[in-house]
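Step one of this worksheet: look at the structure below.
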Amino acid sequence: MVFDLFPSRTMTSYIARMFAVRIVAVLVMLVMVLQMLDLLGESGRILAAQGNGQAELLRYVGMRTPQLISRFLPYSVLLATIVTLMTLNQNSEVIAMKAAGLSANQILAPLFLVAAATSVLTFAFNERVVVRATAALKAWQGVDYGAIPHDSDIRTNVWMQDGTNLLYARTVTGRGAATQLGNVSWYHRTADGTVTEIVQSHRATYARPGWRFDQPVVFDVQSTRQTTAGASAVYARGVDPSQVIVRKTDADAESLFRLTDSITAIRAAGYRSTELDGKWWHKLSGPLSALLMPLLGAVAAFGLARSGKLFVRAVIGMALGFAYFVVDNAALAMGNFGGYPPLLAAWAPFALFLLIGQTVLIRTEE
């Protein structure tokens with residue numbers, strides 16, 4: 001049995017089921033509490049928008065809940081690991097399993113199995129649900145919880161450089177030649193930065209080059225006169241759709257494949273993509289954090305419960321788990337600033353705490 005990867009089927013099912021139930025219970029508790037606190041802090045802004053009511057509050061909850069689930073699922077796995085292993089230890093089940101010839105890794109194998117399944121589900125959930133909810137929520141917040149176009153690919157409050165001039169769009173939808181700007185303004189400026197003319201329109205489309213404003217309204221700053229420039233006119237010839245991608249690419253609101261396309265477009269435009277490269281790799285390494293939690297929390301499983309140090313072991317397990325998240329965020333931030341290569345920033349914390357967890361497990365098993 002020592003050479004088997006898992007214990008018996010019955011024992012594997014028993015431990016895995018216990019662990020999975022506790023993950024769900026802890027996650028539901030955390031999400032419910034955090035969602036209520038978040039809604040209390042945001043409900044005032046939501047209801048401040050004209051026409052918003054209870055339906056918009058529920059809409060916000062529906063968009064925010066996937067973010068909370070994704071963010072706190074690894075913490076739930078950590079806490080569930082400690083609770084499960086403490087329960088097994090207090091009931092002397094760990095002692096019985098070791099007396100039957102099981103090694104520490106065999107005892108933890110069912111937990112790793114559930115954690116691996118959790119990592120796969122987390123990745124799929126992030127790619128299919130969280131990125132869409134994040135994009136929709138940020139677009140909604142960008143217009144102060146007002147009305148936004150029904151488009152899954154929308155960006156808000158985008159500023160673009162047109163030589164000395166500026167182009168501003170309240171909303172941007174579509175990509176490439178199909179990009180459309182909503183509530184757009186073009187500011188004509190002199191070399192010293194003085195605005196001499198403002199052109200506004202409710203809609204603008206890409207004109208190859210420049211942007212075609214529908215029914216533009218021209219305001220002359222010096223004379224304070226406002227005129228209409230006809231049915232349409234082209235402005236901002238120095239701005240192309242790639243600037244939208246460069247300035248408003250949000251890795252949290254894009255799937256892995258969509259982010260790959262954005263990074264390719266940014267590089268083609270001649271801009272650096274170091275920050276997005278790190279977040280691209282973190283989309284793969286982030287969900288795997290759940291796989292580390294049984295190893296980091298395993299210190300709570302071994303050692304006699306009657307020794308009086310079970311609580312101390314549980315605290316050590318929680319400290320190791322939370323230390324991983326601190327180091328992971330710090331490494332990602334260093335990668336964003338260019339201090340670490342993107343690949344190293346995303347994967348180094350995982351490799352480091354994998355070695356730490358295995359070392360602690362070996363040293364504390366007896």
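The values are calculated or read from the model by the stated rules, or taken from the named source; none is laboratory data. Keep in mind the model is a prediction, meaning the values are calculated, not measured. Virtual Cβ from ideal backbone geometry, glycine too; neighbours counted across all protein chains shown.
Do the conditions hold for ALA236, that is, is it on the phi > 0 side of the Ramachandran plot and surrounded by 20 or more Cβ atoms within 10 Å (Cβ to Cβ)? Yes; evaluated as a whole, the condition is true for this residue. Within segment 156-168, the set of residues being on the phi > 0 side of the Ramachandran plot and either in a loop (DSSP other than H, G, I, E, B) or among the β-branched types (Val, Ile, Thr) (or both) comprises GLY163 only.
Okay, residues lined up against (1) closer than 18 Å to THR81 by Cβ; (2) of a type outside the set (Gly, Ala, Ser):
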position: VAL315; (1), (2): yes, yes
position: VAL327; (1), (2): no, yes
position: ALA331; (1), (2): no, no
position: GLY335; (1), (2): no, no
position: GLY339; (1), (2): no, no
position: LEU361; (1), (2): yes, yes
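Restricting attention to segment 29-51, does a residue exist that is within 16 Å of the chain's Cα centre (by Cα) and assigned by TED's automatic domain parsing to the domain that holds SER285?
yes
Can you spot a residue in segment 215-227 that is under 21 Å from ALA139 (Cβ atoms), modelled with pLDDT of 85 or more and not assigned by TED's automatic domain parsing to the domain that holds ALA139? Checked against the condition, which is being under 21 Å from ALA139 (Cβ atoms), modelled with pLDDT of 85 or more and not assigned by TED's automatic domain parsing to the domain that holds ALA139, segment 215-227 yields no hits at all.
Applying the set (1) outside any strand (DSSP E or B); (2) in contact (Cβ under 8 Å) with a residue 40 or more places away in the chain; (3) in contact with a helix residue (DSSP H, G or I) (Cβ under 8 Å, 6 or more places away or on another chain) to LEU102 leaves exactly one unmet item: (3). The set of residues in segment 15-58 that are touching a residue at least 40 places away in the same chain (Cβ under 8 Å), part of a helix (DSSP H, G or I) and not β-branched (Val, Ile, Thr) comprises ALA16, MET18, PHE19, ALA20, ARG22, ALA25, LEU27, LEU30, ARG45, ALA48, GLU56.
Kindly indicate which of LEU58, LEU5 is more than 22 Å from the chain's Cα centre (by Cα), at pLDDT below 95 and surrounded by fewer than 14 Cβ atoms within 10 Å (Cβ to Cβ). One residue alone meets the criteria, LEU5. Taken together, the residues in segment 197-212 that are of a type in the set (D, E, K, R) and out of contact with any strand residue (DSSP E or B) (no Cβ under 7 Å at 6 or more places or on another chain) amount to 1. Condition check for ALA346 on (1) part of a loop (DSSP other than H, G, I, E, B); (2) modelled with pLDDT of 80 or more: one failure, at (1). When segment 332-349 is limited to residues that are closer than 19 Å to LEU291 by Cα and small (Gly, Ala, Ser), the one that is surrounded by the fewest Cβ atoms within 10 Å (Cβ to Cβ) turns out to be ALA348. Pairs are defined by a Cβ separation below 6 Å, a sequence spacing of at least 6 or placement on different chains, a first member in segment 225-254 that is farther than 26 Å from SER273 by Cβ, and a second member that is of a type in the set (A, V, I, L, M) and in a loop (DSSP other than H, G, I, E, B); the pairs so defined are VAL234/ALA207. If I filter segment 65-77 for residues that are part of a loop (DSSP other than H, G, I, E, B), under 22 Å from LEU310 (Cα atoms) and aliphatic (A, V, I, L, M), do I get at least one hit? Within segment 65-77, not a single residue is part of a loop (DSSP other than H, G, I, E, B), under 22 Å from LEU310 (Cα atoms) and aliphatic (A, V, I, L, M). The set of residues in segment 159-213 that are of a type in the set (Ser, Thr, Tyr), under 27 Å from the mean Cα position of the chain (by Cα) and surrounded by 18 or more Cβ atoms within 10 Å (Cβ to Cβ) comprises THR171, THR173, THR179.
Residue pairs whose Cβ atoms lie under 7 Å apart, sitting 6 or more positions apart in sequence or on different chains, and linking a residue in segment 59-88 that is in the same structural domain as VAL312 (by TED's automatic domain parsing) and touching a residue at least 24 places away in the same chain (Cβ under 8 Å) to a partner that is charged (D, E, K, R) and surrounded by fewer than 24 Cβ atoms within 10 Å (Cβ to Cβ), are TYR60/GLU42; ARG64/ASP38; ALA80/ARG22; VAL83/ARG22; THR84/ARG22.
Selection of segment 169-216 for residues being within 12 Å of ASP240 (Cα to Cα) and assigned to a loop (DSSP other than H, G, I, E, B) yields ARG175, THR179, ALA207, ARG208, PRO209, GLY210.
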